[in-house]
1. Sort out which residues of region 264-282 are crowded, with 19+ Cβ neighbours inside 10 Å and farther than 22 Å from Arg522 by Cβ, and write them in order of number.
2. Any idea which residue in region 467-487 is farthest from the chain's Cα centre (by Cα), counting only those that are closer than 15 Å to Phe404 by Cβ and not in a loop (DSSP other than H, G, I, E, B)?
3. Which members of region 440-455 meet the condition of being buried (at least 17 other Cβ atoms within 10 Å of the Cβ) and of a type in the set (A, V, I, L, M, F, W, C)?
4. Only one of these conditions is not met by Leu245: (1) within 19 Å of Ala228 (Cα to Cα); (2) at pLDDT below 85; (3) crowded, with 22+ Cβ neighbours inside 10 Å; (4) of a type outside the set (Asp, Glu). Which number is it?
5. Which of the numbered conditions does Glu152 fail, given that it passes all the others? Conditions: (1) in contact with a Lys or Arg (Cβ under 7 Å, 6 or more places away or on another chain); (2) at positive phi; (3) modelled with pLDDT of 70 or more.
6. Looking at Asp495, Asp483, Asp458 in this structure, which one is open to solvent by 60 Å² or more (accessible area, probe 1.4 Å), modelled with pLDDT under 95 and not basic (Lys, Arg)?
7. Taking strands (runs of 3 or more DSSP E) that do not extend beyond region 531-637, which have at least 3 residues that are closer than 18 Å to Gly414 by Cα?
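The values are calculated or read from the model by the stated rules, or taken from the named source; none is laboratory data. For clarity, every value in this text was computed on a predicted model and none was experimentally measured. Here the Cβ positions follow ideal geometry from the backbone for every residue, glycine too, while neighbour counts run over all protein chains shown. Areas reflect the complete protein model, heavy atoms only, side chains present, ligands, DNA and RNA absent. Shrake-Rupley method; radii C 1.70, N 1.55, O 1.52, S 1.80 Å.
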Amino acid sequence: MALAVDGLLWVVSRDGFGELPAAYWLMGALAVVVDARPYVVADRRASSVILPSICFTFAIALAWGFGPALAVQVVAVAVAGVRMRQPVRRTLHLAGQHAVALGATAAVAAAVSLRIGPRYDWDDALLTVAAASAWIVARYGLAAVVARAVAERPASRARWRQRGVEVLATGALLLLGPVVLATAQVGLAFVPLVLLALHAVHRMVRSAGEFERASRVDALTGLPNRRALQASVLSQGRGKRLALLLLDLDRFRTVNDALGHSVGDRLLVEVARRLADVVPAHDLVVRLGGDEFAVLATRVDGAPGARRIAHHLAEALNRPFAFDGMPVDVSASIGIALQREPGGDGATLLRQAETAMYDAKQRGDQVAVYGPDAAHHSPDRLALLADLRHALREDAPDDGITLFYQPQIAIATGEVVGVEALLRWRHPERGLVGPEELIRVAEPTPVMRLLTERVLHDVIAQLAQWRDAGRPIRAAVNVSARDLHAGDIADRVEDLLRVYAVPADLLQLEITESALMADPHRVLNTITRLDRMGIAISLDDFGTGYSSLQHLRRLPLAEVKIDRSFVLGMATDRGDAAIVRSVIDLAEALGLRAVAEGVEDERTWRLLAEAGCHAAQGWFHARPMPAPDLAVWLTRYRPVRLPRPALPTTQ
C-alpha cells in the first residue's frame with residue numbers, strides 16, 4: 001500500500017515496514033517516553049487508563065500504516081504496564097485494545113488514501129476525525145464487551161460518566177496526531193513541543209479524576225461515602241451474596257455537647273480507623289454522614305454470618321477511645337439488610353438496613369436484621385408506605401393528608417387551653433387511614449421524617465392563621481422516636497417558627513416513653529434544646545410504656561398526659577381511678593400539668609375535677625375536627641364549671 005505525507009514521501013512494503021525516516025523514530029521514542037506517565041482517570045484498571053502515546057501511534061498509523069504503529073504501541077504499553085505495576089494479563093488486555101484500535105485506524109486511512117500535508121483540506125480533516133472515531137469505537141467497544149462478559153451486568157451511571165472523561169481526553173490526544181505530522185514537515189525540532197499539549201491533557205484528566213475521587217470520599221474520615229457505596233453495590237457481579245450493615249453511634253451528640261465538636265470529629269475519625277482495621281479488604285467501610293457508618297460485606301452466608309460480622313464490629317467499638325487522657329465509651333446500634341436477589345441497588349439495601357437499625361433502637365437491642373416477613377414489612381404495609389411517600393413528595397393540594405384538631409379544656413375553669421393536632425389521611429383507594437396505622441407504617445422508615453415535616457409545617461402555618469384572626473391558641477404535635485433521634489428537629493421547628501413569626505409558646509411537642517428508652521441521652525439533648533427555645537414538652541401516654549420516675553425528674557417536661565386506657569375505666573374501676581389520682585398527684589408535686597385523654601362522659605369529667613386534674617380532652621366536649629370546623633366550634637363553645645363529687649370507693 002502507499003500512504004503519502006507531503007515532505008516525508010515514502011513507500012511502505014507489504015509487510016508494513018520499509019526504510020523508516022527519522023520522523024518515525026522520533027515519534028516512536030516520544031511515545032515510549034510519555035507512556036512512562038500514563039493517565040489514570042479513576043483507578044488502575046486497564047479500561048480506565050489513557051496512554052498519551054496514542055497521540056504518536058495514531059499519527060504513525062496514518063502516515064506509515066498498522067505495522068510500524070503497532071510495534072511502537074506494544075513497547076509503549078509494556079512501559080506503561082511496568083510503570084503502573086499491572087499484572088501481565090491486564091497489560092496484554094490493554095495491548096490488545098490498542099492493537100484493535102490501530103487496526104481500525106489504519107483500515108480507514110488506507111480505504112480513503114488519507115493525505116497529510118500542506119494541501120490538507122476539509123475533506124482530509126473530516127476523514128481524520130473518522131479515523132479517530134474508528135479508533136475510539138474499536139477500543140472502547142472491545143473494552144465494553146469484555147467488561148460485560150466478565151461482570152454479566154451493564155456499566156453503572158458513574159462508570160459511563162467516567163467513560164465520558166476518557167473519550168474526551170482520548171479524542172484530544174488522537175487529534176493531536178495530524179498536528180504532530182504537520183509539525184514534522186516544518187522541522188523535527190518542533191515535534192517535542194507537542195509535549196506541552198500532552199501535559200495540558202494530562203492535567204485535565206488528573207483534575208477530572210481528583211474530582212471523581214473527591215465526590216466518592218468523605219472529607220473528614222477519608223472513607224468512601226454514600227455515593228461510593230451505591231457504585232460498589234452496582235459493580236458487584238452476579239452470584240455474590242451481599243449484606244449491608246448500618247451502624248449508628250449511640251450518645252454521639254452527648255460527646256459533641258460535652259467535649260466540643262473538635263473532639264466529636266476526632267472520635268468519628270477514630271471510629272472510622274477502627275472499623276477499617278477490622279473489616280477485610282474485600283469488604284467496604286463507608287461513612288454515610290453524621291454519626292452513621294456502613295459496612296458492605298461481600299462474602300456472607302446469610303443472616304447468621306451477617307450477625308457475626310455485626311458483633312465483631314460492635315466488639316471493636318466497645319474498647320474505650322482516649323482523647324487527651326479521657327476515655328470515651330462508644331456503642332452502636334446496627335441494622336442489617338441482606339441482598340436477597342442479585343442485581344439490587346444500594347438505595348434499597350440502605351433503606352432496609354436503616355429500618356432494621358431503628359428496629360434495634362426501639363427494642364433496645366444492639367443488632368437487628370431486616371425481615372420482609374415481619375408484620376410491619378408485609379406487602380400490604382409496604383404498598384401503603386409507598387403511597388404515603390408518593391403523597392408527601394407530590395405536594396398536591398388533593399393528596400388526602402390533613403390535620404384534625406381536638407380541644408383541650410381546663411377542668412377548673414372550662415376554658416379552651418389548647419388543641420392537639422391529629423393526623424388523618426384519606427387514601428384514594430383505602431379510604432380514611434387513622435393516625436395509629438400511619439405512624440406504625442412510617443416510623444421505622446425515612447418516610448417518618450417527611451411526614452413530621454409536613455405536619456409541623458401545616459400546624460405552625462395554622463397557628464399563624466389563628467393568631468392573625470385574633471384567636472391565638474396552643475397546638476400540641478406528636479413527634480416520633482425517629483424524629484428525636486435524628487437531632488435536627490429543633491432546627492426544623494426553629495426555622496418554621498421564624499418563617500411564620502409564631503411565638504414558641506404556642507407550640508407543644510408530645511413524646512412517648514418508648515422514644516426515651518431507645519436512646520435516652522440523644523433524646524434528652526434534643527428536648528433540652530427545644531425547651532430552651534420556649535417549646536413545651538409533654539410526655540404522652542404516661543404509664544403505658546417503660547415508666548420511669550427518673551424521666552419526670554430529669555427531663556424538661558411541662559406536662560404529662562394520662563393514657564386513655566386508665567381514664568376510660570376510672571369511673572367503674574377503683575384500680576384505674578387510683579392510678580389516675582396517683583399520676584395527677586405526682587405531676588402536681590413536680591410542678592407539671594396533668595392532662596387526661598379519652599374523657600367521654602360527664603361522670604369521668606367530674607371525677608377528674610375532684611382529683612385535681614388540670615386539663616382533659618375527649619368526646620365529652622368535642623371530637624377531633626378540621627381547622628375550619630374548630631373555628632366555628634370555638635365561637636359557639638361556652639365554658640361550664642361542674643361541682644365536685646366524691647370519688648368511688650367500690651368497684
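1. Matches in region 264-282: Val279 only.
2. Quick first cut of region 467-487, residues closer than 15 Å to Phe404 by Cβ only: 473, 475-478.
The next check asks that each one be not in a loop (DSSP other than H, G, I, E, B); those that pass are 475-478.
Working: Ala475: 33, Ala476: 31, Val477: 27, Asn478: 26 Å.
Among residues in region 467-487 that are closer than 15 Å to Phe404 by Cβ and not in a loop (DSSP other than H, G, I, E, B), the one farthest from the chain's Cα centre (by Cα) is Ala475.
3. Keep residues of region 440-455 that are buried (at least 17 other Cβ atoms within 10 Å of the Cβ), which gives 441-445, 447-449, 451-452, 454-455.
Across region 440-455, the qualifying residues are Val441, Ala442, Val447, Met448, Leu451, Val455.
4. (2)
5. It fails just one condition, (3).
6. Numbers: Asp483 fails: open to solvent by 60 Å² or more (accessible area, probe 1.4 Å); Asp458 fails: open to solvent by 60 Å² or more (accessible area, probe 1.4 Å).
Checking each option against the conditions leaves just Asp495.
7. Numbers: elements: 536-542, 559-562, 593-597, 615-617.
In region 531-637, 593-597, 615-617 are the strands (runs of 3 or more DSSP E) which contain 3 or more residues that are closer than 18 Å to Gly414 by Cα.
Residue by residue, here is whether (1) touching a strand residue (DSSP E or B) at 6+ places or on another chain (Cβ under 9 Å); (2) part of a helix (DSSP H, G or I); (3) at pLDDT below 85 holds:
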position: Arg44; (1), (2), (3): no, no, yes
position: Cys55; (1), (2), (3): no, yes, no
position: Ala59; (1), (2), (3): yes, yes, no
position: Gly67; (1), (2), (3): no, yes, no
position: Ala76; (1), (2), (3): no, yes, no
position: Ala80; (1), (2), (3): yes, yes, no
position: Arg83; (1), (2), (3): no, yes, no
position: Thr91; (1), (2), (3): no, yes, no
